[in-house]
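Notes follow the structure.
The values are calculated or read from the model by the stated rules, or taken from the named source; none is laboratory data. Just so you know, these numbers come straight off a predicted model, no measurement behind them. With ideal geometry, Cβ positions are generated from the backbone for all residues, glycine too; neighbour counts draw on all protein chains shown.
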Amino acid sequence: MKFGKSIQLNTPSDIRGFLGEGTDITGEVKFTEILRVDGNISGKVISESGTLLIGDRGHIKATIEAGSVSVSGIVEGTITAKTKVEIHSTGKVYGDIYTPALIIEHGAVFDGKCHMSERDPSVDIRNLKVVEAL
């Protein structure tokens, strides 16, 4: 069972979780496979290797950590994805992205910095110091 029409999946699995329009969640959301969001989430969204799909009417104001993230709605916050982040033509991302692959379609909005290397979330990059080698 698939919900919506604007996002096509490249995996054999169907959507396992769905947050519909008109639903608001504040706090921490954890999922394992595929989660589609057409509602609102504030807080934190976490998945070890799952795929997060933000639909056209989805709005996430949170820190996101997932296997991959596909944005057709709005994201305000940091996105960390192990494989890729896609921002579709209707998508808007306001915040930094950490991922090895970033795909941005014509018409999309991205206001932030992209870091295309593996990120260790336990390291605060603002406090790193440069050390000269001898």
Study note, to complete from the structure: Residues in segment 35-79 that are surrounded by fewer than 24 Cβ atoms within 10 Å (Cβ to Cβ), touching a Lys or Arg at 6+ places or on another chain (Cβ under 9 Å) and among the β-branched types (Val, Ile, Thr) total 3
Review point. Name the pairs: first residue in segment 64-79 and farther than 15 Å from Phe31 by Cβ and touching a residue at least 60 places away in the same chain (Cβ under 8 Å), second residue outside any strand (DSSP E or B) and of a type in the set (Asp, Glu), Cβ to Cβ under 6 Å, at least 6 apart or on different chains?
Key: Ser72/Asp56
Exercise for review: Inspect all residues belonging to segment 13-23 and state whether any of them is basic (Lys, Arg), modelled with pLDDT of 95 or more and more than 10 Å from the chain's Cα centre (by Cα).
Suggested key: no
